[in-house]
Amino acid sequence: MTGNILIIDDEEALRKLLSRIISLEGFHVEQATTLKEGLQILSHKNIDVILCDVKLPDGNGVDFVKEAKQKYYSREFILLTAYGNIPDGVQAIKNGAFDYITKGNDNDRIIPLLNMAMDKVLGQRKLAVTIKESGTYNFESIIGTSRSIKETINLAKKIAQTDTTVLLLGETGTGKEVFANAIHANSKRSGKSFVAINCSAFTKDLLEGELFGHKAGAYTGATKDKKGLIEMADGGTLLLDEVGELHIELQAKLLRVLENGEFIKLGDTKTMKVDIRIIAATNRDLSTEVKNGNFREDLYYRLNVFTIPLPPLRERPEDIPALVDYFLSFYTQKEKRNPVHLSKEAMQLLQHYSWKGNIRELRNILQRSIILTDGDEIQPAQLPFEIQQEHLASSHSLALANVEKDHIQKVLLHTKGNKTRTAELLGIGLTTLYRKMEEYHISSVKI
């Protein structure tokens, strides 16, 4: 298997040994001695998998994974430690690490792990590109009757008939690609291709090749001409998902496509022309990215012609039962098993959960719960621990709030409404007392 590996380790002997072993397996290896140096390599080179020591001169590898995954979340990280411990291992996986292994003891696991991590990276890239001959969704297939989702659908319907560039804003998992596909299906371009790419899944050079294509000989390994996705979308629609991740150099090339439909393949000198509609999507605040110098202002205004915000799932809990019914029906049929439904208590947990991953997280949780359920009803015990834990924490918080409110009222009664004395007895500042009285709707005590 081929791929690009980055080793971050300040132990020179071990770093060179690992590099030699990994190179013999056909991988290209880059080396860094610090996290800062590793980040510099990540920002300039096409790295697929990172092998990173836990203890480094300028930081901790477990914390580094969490930070790096936010920007390079299509890469996989394997952490190496001289002294493995369970809490660090658990936290590493929570932070997004592919695995956490001990130096020396697990050396024979490194190559198999690298191959598994590369398989995951390559699989994500395949999933990051979608090419459909026509739209497969319509607005009727978007599930939900809440006011917020209805308003979003109506907005999308109005813009679908035009050829205007659209910017979809929403958190991860809110259904940006579904909306983009529905807009395409209801447009005059519906008979042509709908092409979607997740910009965050590729490094700058790989993404440039995917979007613009290349001529044979454009770079090492380019043995034949390749059509880019922009060319494939000619006459149809191109969705640029996570457009906020687009490298600043590629933003200039995209701007040219938006302005006059022109682009040049890698390794070519001839200008090509296409007729495409671009729909961009992001979970980032692009105006902030512009201020920080990460996104071109002229491209931002070109993309921001018509903006559609997609509501997060936590803001439309009334839509959860319908979404649950849909996914349960889909996955029970896929697994070829009898129908399954949620208990009343399980449904209440789902409707009060915060849903950081939105609809995608709900879908994954229900698929998992179906596998864990033997009968025909999913109980709270079959739901992930974090959902049960969040509910308990919320209930506990509410109970504490009631106790605190009752205690403040009793002390106010004891001091005959003297707020200064009440604050002293409670051991809090006067401004804190006023804030809590307002929060708990406690009126002044009159004696």
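All of the numbers you see were taken from the coordinates with simple rules; none came from a lab. Worth saying up front: this structure is predicted, and the values here are computed from it rather than measured. Here the Cβ positions follow ideal geometry from the backbone for every residue, glycine too, while neighbour counts run over all protein chains shown.
Miscellaneous remarks
- Residue of His247, His28, His214 that the Gaussian network model of the chain assigns the largest fluctuation, springs spanning Cα pairs under 10 Å: His28
- The slack between Asp374 and Asn115, meaning 0.36 nm per residue of separation minus the straight C-alpha distance, is 89.8 nm.
- Between the amide H of Ile7 and those of Glu30, Gln31, Ala32, Leu51, distances stay under 5 Å, these residues lying 5 or more places away or on another chain, with hydrogens modeled in the peptide plane.
- Footprinting exposure proxy for Lys416, Lys436 (fewest neighbouring C-beta atoms within 10 Å first): Lys416, Lys436
- Going from the residue with the fewest nearby Cβ atoms within 10 Å to the one with the most, Tyr219, Tyr331 rank Tyr219, Tyr331.
- For the chain, with +1 on Lys and Arg beta carbons and -1 on Asp and Glu, the positive-most of Leu14, Phe295, Ser74 along the dipole: Phe295
- DSSP beta bridge pairing in the stretch 118-247, given as percent antiparallel to the nearest 5: 50
- Distance from the C-alpha centroid of the stretch 121-178 to that of the stretch 301-330: 9 Å, rounded to the whole angstrom.
- Checking (1) 26.7, 90; (2) 23.6, 80; (3) 21.7, 71 against Rg and Dmax of the Cα atoms in Å calculated from these atoms, the matching label is (1).
- Radius ratio Rg over Rh of the stretch 353-393, counting only Cα atoms, Kirkwood formula for Rh: 0.97
- Electrostatic dipole magnitude of the chain [Cβ: Lys, Arg +1; Asp, Glu -1; Cα centre; debye, to 20]: 1000
- Antiparallel content of DSSP bridges confined to the chain, in %, to 5: 20
- The Rg/Rh ratio of the stretch 1-89, with both radii computed over alpha carbons and Rh defined as the Kirkwood radius, is 0.94.
- Set of lysines with alpha-carbon distance to Lys16 below 16 Å, sequence-local pairs under 8 removed: Lys103
- Options Leu167, Ser200, Gly217, ranked by Cα towards positive dipole end of the chain, top entry (Cβ charges): Leu167
- Entry note, the chain: the mean residue ellipticity at 222 nm calculated from DSSP H runs of n ≥ 4, each adding -39500 (n - 2.57), is -14500 deg cm²/dmol after division by the residues and rounding to the nearest 500.
- With 23 Å as the limit, the listed pairs Lys45/Lys66; Lys192/Lys227; Lys66/Lys176; Lys253/Lys273; Lys270/Lys291; Lys69/Lys126 have Lys66/Lys176; Lys270/Lys291 beyond it between alpha carbons.
- Considering only Thr432, His341, Gly59, the residue lying farthest towards the positive end of the dipole of the chain is Thr432, judged by Cα position with unit charges set on Cβ.
- Within the listed set Glu76, Glu377, Glu231, the residue fluctuating most in the Gaussian network model of the chain (springs between alpha-carbon atoms under 10 angstrom) is Glu377.
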